[in-house]
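Just below is one structure, and these are the notes that go with it.
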Amino acid sequence: MTTPDARHGDAPRGILRRRSVEASMAVLDDPDRQLRRTLGAWDLAVMGVAVAVGAGIFSVGATAAASYAGPAVIVSFVIASIVCALAIMCYAEFASTMPVAGSAYTYSYTTMGEFVAWIIGWDLILEMLLASAVIAKFWGVYLSDAFMLFGIDVPAVLTVGGVDVAWGPVLIVAVFTVLLSVGTRLSSRVNSVFTILKVGITLFVIVAGFFYVKAENWTPFVPPSQPAEAGTSSLEQPLTGFLLGMDPSMYGVMGILSGAALVFFAFIGFDVVATTAEETKDPQRAVPRGILGGLALVTVLYILVTVVVTGMVSYTELAASDAPSLTTAFVLVGADWAGRVISVGILVGLTSVLMVLLLGLTRVVFAMSRDGLLPRGMSRTSQRFGTPLWLQVGAGVVVALIAGLSEVELLEEMINIGTLSAFVLVSFGIPLLRRSRPDLPRGFRVPFSPVLPIISGLACIWLMLNLTTLTWLRFLVWLAVGTVIYFGYSYRHSLLGRGGPAAY
C-alpha cells in the first residue's frame, strides 16, 4: 500500500482511490504489456480525419437539416465543432502530460479516482464497441448499394446454419482485425491511403455540388418551430424538452441545439486518437499537433458539405425523403451520376473509420486490463508484433458478431452519449490536475484555464441533455451493468487497491 504524499496522491483505499501520474507512467515498464512507439504527428492527424470523415459527412448534415434545423444546421455544426475543439484541447493537454494508453479512463484515474475512471472506461467501451459495430453494419449496406449502382447482383445476407448473417460487416471487421493485430504502423499506412482517397472524393463532391447551389434554398435560414411529425413519442424528444413537459417539436432555436447534439456524432473519434499516445514518438509534441490539426480539417470539410447540401435543395425537400443524404440532393437536381461517386466515397470513408475505432476499443480495454480492473491476461502484448494480439482478435470477433447478427444501428445515439460523458470528465479533470500537480511538464496547455475547460464540460453536458430520453434510459442501464461489474470484480482485483505495480 502507498501512503499519501505530494507526488503520489491519495492512499489506495476506497472507490475514490487515485493513482499518481508517476504510477500511470510506471506501467510502461512492464515488458509483457508494452506497446511500440511507431506513430508521428502526421499519423495521428490522419487517424483523426479517418475516424471523423465517414458516411456521416454525406448523410448526417442532410438528416439534421431535414428533421431538426433546416439551413441553420450550419450553425449546429459550428456549435458542435466548437464544443469538440474545447474538449479536444483538454485531451491534448492530458495526452502530452501522460502519454499512456486509455485516454479519458487513464486521465480520470489520476484526477477523480478509480470508480469514476472505471465508469468512464466503461462508457468508452460502449462508445467504441457500438461505433465499430454500427460502422461495420453501414459498410455492408453501402457495399450492397454500390454493387446495385454498378449493376452487380450480390446478396447482402447469407444463411449459415439457419441464421441470417450480413457477410459484409463480418468481412471488413476480419480484414482490419488482422491488420491491427500484426502492427499499428502497417495499419496506419493503409489508413493513410484510404483517408487521402476519401478526402479527395469529398472535395470533388463539394466542388461539383456548388454548381447547383441556389441562395433561395437558404431562406428561411432558421425555419420557425413546428410540431414534430405525427407519431413521435415523448421519449424520442430531447431530455430537456421531456423534463420541461414540452411537446415534441422540430426547427427553431431548439432544433438548432438538437441538431448540434445529433451532428456531434460527426466529430466522435478524436478521443480515440488520444488512446494511441503510448504508441506515439515524441507524444508531447505529436499528440496535440495531430489531434488539433485533424479537427481543423474535418470541421472545414463538414461545414462545406453542409453548405452545399442545404444550398442545392430546400430543407423541405430533404424532409420529404425517407433517408435524406447528399445523394438525395444530387438526385433531386438531376445529377444522378453523383450517386456512384458518393457510394464509393462512403465505402472508402467507412473503411478507415472502422480501423481507428477497432484500435481505440482495444487500447481502452488494454489499459483497464493492465490496471487489473479487467482480467490481466487480456493486456498481454505479442513479443513479435508489439500489439495486444489476442485482445485485438477477441474484440474483432465480438464486433463482427454484433454487426453481422443484430440491428445495432438502432443504438446509434448511444455512441454520442458515451463520447460526451468522457468529454465532460476530461474537461473538468484539467483544472483538477493543474491544482494538484502544477509541477508536471506539459507539452500543450489549454489556454484560459480553468475557464475554458469548465465551459467545455458544461457545453458537453448541454449537448447530452439534448439527446433523446430513450437514449438516456439505455445509458443508465449500461451504467448500472458497469457498476455491478466494478463491485463484483474490478474493485477486488484492482492493482492499485492491492498495492501492486499500478500503485506506485
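Bear in mind that the values in this text are calculations on the coordinates, not laboratory data. Keep in mind that what you see is a predicted model, and the values were worked out from it rather than measured. Cβ coordinates were reconstructed from backbone atoms using ideal geometry, including for glycine residues, and neighbour counts include every protein chain displayed.
Within the range 296-337, which residues have the backbone N less than 11 Å from the label spot 7 Å out from A208 along Cα→beta-carbon, could you tell me? Those under the cut-off are 327, 330-331, 335-337.
Within the shell defined by Cβ-Cβ distances under 15 Å, the residues around S449 carry a net charge of +4, with Lys and Arg each +1 and Asp and Glu each -1. Taking a point 7 Å from the Cα of V397 along the Cα-to-Cβ direction, the residues of the range 126-158 with backbone N closer than 18 Å to it are 129, 133.
Positive contributions from Lys and Arg (+1) and negative ones from Asp and Glu (-1), summed over other residues with Cβ under 15 Å from the Cβ of V424, come out at -3. Here is the P(r) of the range 33-503: all C-alpha pair distances, binned every 10 Å from 0, give 4, 21, 31, 27, 13, 3, 0 in whole percents.
Return V307, V341, V273, V100 ranked ascending by Cβ neighbour count within 10 Å, so the fewest neighbours appear first.
Details: V307 20, V341 17, V273 33, V100 26.
Lowest count first: V341, V307, V100, V273.
The label point for W42 and the one for R189, both projected 7 Å from the Cα toward the Cβ, are 1.3 nm apart. Place a label point 7 angstrom from the Cα of W390 along the Cα-to-Cβ direction, then list the residues of the range 359-376 whose backbone nitrogen is under 17 Å away. So the set is 362-363, 365-376. The packing ranking of peptides 195-204, 290-299, highest mean first, is 290-299, 195-204, where packing means the average number of other beta carbon atoms within 10 angstrom of each residue.
The modelled label-to-label distance between F448 and W337, using points 7 Å beyond Cα along the C-beta direction, is 4.7 nm. Here is the result for the range 353-443: no chymotrypsin sites (Phe, Trp or Tyr not before Pro) lie in DSSP coil with at most 15 other C-beta atoms within 10 angstrom of their C-beta. Scanning residues 5 or more positions from L374 or on other chains, those with amide H under 5 Å from its amide H are S369, with H placed 1.01 Å from N in the peptide plane.
Stretched out fully, how many nm does the piece from W167 to E216 gain, at 0.36 nm a residue minus the Cα gap? Mind showing how you got there, number by number?
Numbers: separation 49, 0.36 × 49 = 17.64 nm, distance 4.42 nm.
Gain on extension, W167 to E216, equals 13.2 nm.
Rounded to the nearest 0.05, the FRET efficiency derived from the C-beta distance between L158 and L197 at R0 = 22 Å is 0.20.
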